[in-house]
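Novice: Dropping a structure here in structure tokens format, bear with me for questions.
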Amino acid sequence: MIKNQWYVILESNEIKSGKPVGVTRMGEKMVAWRDSAGKAAVMSDLCPHRGGSAFNWRGQRRLHSVSISWL
């Protein structure tokens with residue numbers, strides 16, 4: 001994978017509001033979600049605070065950090 005390039009990782013209809021989607025593409029784990037305005041976003045599946053996974057199941061799909069919950 002070439003950094004800072006555009007790659008198709010999901011189709012828009014695969015990202016539902018309130019339901020983050022964890023994907024692995026070209027060996028990199030990522031998480032995609034829609035914000036409160038419905039705009040799609042993607043980030044590395046890596047919590048910037050502790051280095052663990054940002055995509056945590058905790059009984060329901062949600063982005064979670066040890067110290068902060070995003071969704």
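The values are calculated or read from the model by the stated rules, or taken from the named source; none is laboratory data. Note that the structure is predicted; figures quoted are calculated from it, not measured. Cβ placement follows ideal geometry from the backbone for every residue including glycine, while neighbour counts extend to all protein chains displayed.
Novice: Of all residues in the range 15-57, how many are at pLDDT 85 or above, in contact with a Gly (Cβ under 9 Å, 6 or more places away or on another chain) and not hydroxyl-bearing (Ser, Thr, Tyr)?
Specialist: Selection size over the range 15-57: 6.
Novice: A further question follows. Restricting the search to the range 1-17, which residues are in contact (Cβ under 8 Å) with a residue 12 or more places away in the chain, more than 18 Å from ASP45 (Cβ to Cβ) and outside any helix (DSSP H, G or I)?
Specialist: Within the range 1-17, just SER17 meets the criteria.
Novice: Just the residues that are surrounded by fewer than 11 Cβ atoms within 10 Å (Cβ to Cβ) and in contact with a Ser or Thr (Cβ under 7 Å, 6 or more places away or on another chain), please, taken from the range 13-48. Break it down stepwise before answering.
Specialist: So in the range 13-48, the residues surrounded by fewer than 11 Cβ atoms within 10 Å (Cβ to Cβ) come out as 13, 24, 26-27, 36-39, 48.
Residue satisfying the conditions is GLY38 alone.
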